[in-house]
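*Asks:* Sharing a structure, written as structure tokens. Questions coming.
The values are calculated or read from the model by the stated rules, or taken from the named source; none is laboratory data. Remember, it's a predicted structure, so these values are computed and weren't measured experimentally. All Cβ positions, even for glycine, are placed from backbone atoms using ideal geometry, and neighbour counts span all protein chains on display.
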Amino acid sequence: MQNKYTLFFLITIAIGIVIVFKNLFTSSINIQTNVKDIVSSEITELDNPKDYVDVAIKNVIVYPNRFDKKSFYIDIEINNKNGDELTQITLSNGGKLIASDKMKLSSNKNIYFQSFLIKDNINFDNLFDVKLSSLKLEKNISNNRYSFSTKLKNEQLDIALISGSLNYNSRAIISKINNNFDHFFPTIDSHVHNFEDFWFKKYDIVIFDNFPKMPISDRWFNLFIKKIYSENTSLIMFKAGGEELNSFQKIGPLFGISSVNENDLKNIPKKTFYSKNHFKSVLINDKFLYKYLLKGDDSYVEEAIDWVSKKKDLSYTFFVGNENYYINEPVFVYGFADGIDMDKKDFKVDIYKDGIHLQQENLYFNPMSDYYFNKLKISNTGKYEIKILDEENLMIQMINVNILEELIKL
């Protein structure tokens with residue numbers, strides 16, 4: 001009898017153990033199923049393009065305005081993902097607002113462009129900041145701002161303006177010289193110039209305005225020749241018709257003109273461009289120059305200054321539109337010359353990663369904006385080197401760019 005009770009007790013315990021394990025196993029299945037449902041739900045939510053809203057600054061392109069040396073352009077490329085509202089775009093320099101605009105985004109349009117023409121009140125030693133106001137459902141706002149610097153600052157030319165006598169041309173010329181200049185003109189009583197400061201300062205350009213009106217000595221002329229040649233100074237003469245003949249005969253060879261008499265002076269061309277070795281000069285022969293200048297025609301002055309200050313060889317600088325790109329986003333590479341690029345060049349880019357050459361692409365010329373560019377596609381993450389090659393396959397510059405993983409695949 002006792003053996004029967006013992007057997008019954010053991011069978012009961014066994015049945016209990018089976019029930020407990022069954023419940024635990026069922027509970028485990030339910031937990032796994034719930035976790036799987038949650039993860040699946042999250043993935044579905046992330047994979048839904050309509051649930052992701054983002055506006056981002058993709059490229060910032062800074063280039064000179066060839067029609068006005070005092071200004072430059074800043075073009076901004078903006079990517080929009082499902083944004084359907086207004087965003088404010090602002091541009092500041094050293095924390096000071098210099099330009100702004102509003103942009104209406106549409107959810108079915110991905111790419112927008114904004115261009116600012118910048119001219120006044122710029123400090124090139126300070127950073128520029130582009131900002132986009134965030135959207136209502138936007139979570140990632142780190143790409144709404146981009147800071148950059150630019151090397152487009154025009155170096156000021158040191159100019160000496162020497163007037164033989166103050167005249168209408170003098171006033172007009174002064175109004176068009178937007179640089180640092182020192183003006184040397186004769187005193188009213190003695191008609192003599194004070195050149196003491198002139199000898200101790202280096203000038204990029206010396207401008208003769210109706211000079212020499214009075215005779216100049218051989219000693220003065222010899223000192224002047226030594227100064228401008230040793231300091232690589234260029235000359236511009238605005239001839240108004242009142243120059244002293246003997247003194248003009250001394251100075252004439254500096255402008256490619258020699259052995260002149262009074263009749264020859266009347267036949268000098270309105271524009272004479274002269275160069276010898278590193279020396280350059282321009283002679284403008286028009287006593288009514290002031291009439292053109294006061295009417296806003298600056299071509300005489302601008303052409304003369306451009307000619308004498310132009311470098312023999314242009315140099316080119318290249319940039320990327322952003323420091324970071326995502327996989328398969330076009331990497332915008334562009335560059336331009338430091339002067340007027342009359343003969344278009346054939347530039348190429350080589351792409352390297354870890355010292356291994358991956359591909360080569362051509363750069364194309366944009367005739368509207370006067371820069372070379374291409375949009376490069378890089379399909380893997382990492383840090384890359386972009387080498388710019390000239391027509392002789394010599395590297396002239398190297399740019400680094402970082403390719404990141406995509407935050408979300410749309």
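*Asks:* Which members of the stretch 104-154 meet the condition of being part of a loop (DSSP other than H, G, I, E, B), within 14 Å of the chain's Cα centre (by Cα), of a type in the set (A, V, I, L, M, F, W, C) and within 22 Å of Tyr325 (Cβ to Cβ)?
*Replies:* Result: Leu127, single match.
*Asks:* When Ile268 is evaluated against the numbered criteria (1) in contact with a strand residue (DSSP E or B) (Cβ under 8 Å, 6 or more places away or on another chain); (2) modelled with pLDDT under 90; (3) surrounded by 19 or more Cβ atoms within 10 Å (Cβ to Cβ), which criterion, by number, is the only one it fails?
*Replies:* Status for Ile268: all satisfied but (3).
*Asks:* Every residue in the stretch 61-103 that is assigned to a strand (DSSP E or B), of a type outside the set (D, E, K, R), surrounded by fewer than 15 Cβ atoms within 10 Å (Cβ to Cβ) and in contact (Cβ under 8 Å) with a residue 12 or more places away in the chain, please.
*Replies:* Within the stretch 61-103, Leu86, Gln88, Ser100 meet the criteria.
*Asks:* Test Ile162 against the stated conditions and say whether it is touching a residue at least 40 places away in the same chain (Cβ under 8 Å), assigned by TED's automatic domain parsing to the domain that holds Ser71 and surrounded by 18 or more Cβ atoms within 10 Å (Cβ to Cβ).
*Replies:* no
So that you can scan it fast, the table gives a plain yes or no per residue for (1) of a type in the set (Gly, Ala, Ser); (2) at pLDDT below 85:
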{"position": "Asp209", "(1), (2)": "no, no"}
{"position": "Lys213", "(1), (2)": "no, yes"}
{"position": "Ser217", "(1), (2)": "yes, no"}
{"position": "Phe238", "(1), (2)": "no, no"}
{"position": "Gly241", "(1), (2)": "yes, yes"}
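Yes/no matrix, rows are residues, columns are (1) of a type in the set (Val, Ile, Thr); (2) surrounded by fewer than 19 Cβ atoms within 10 Å (Cβ to Cβ); (3) more than 45 Å from the chain's Cα centre (by Cα):
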residue: Val192; (1), (2), (3): yes, yes, yes
residue: Lys201; (1), (2), (3): no, yes, no
residue: Gly241; (1), (2), (3): no, yes, no
residue: Phe248; (1), (2), (3): no, no, no
residue: Glu262; (1), (2), (3): no, yes, yes
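*Asks:* Could you tell me how many of the residues in the stretch 251-265 are in contact with a strand residue (DSSP E or B) (Cβ under 9 Å, 6 or more places away or on another chain) and outside any helix (DSSP H, G or I)?
*Replies:* 2
*Asks:* Please pick out the residue among Ile216, Ile236 that is β-branched (Val, Ile, Thr) and surrounded by fewer than 20 Cβ atoms within 10 Å (Cβ to Cβ).
*Replies:* None of the others qualify; the one that does is Ile216.
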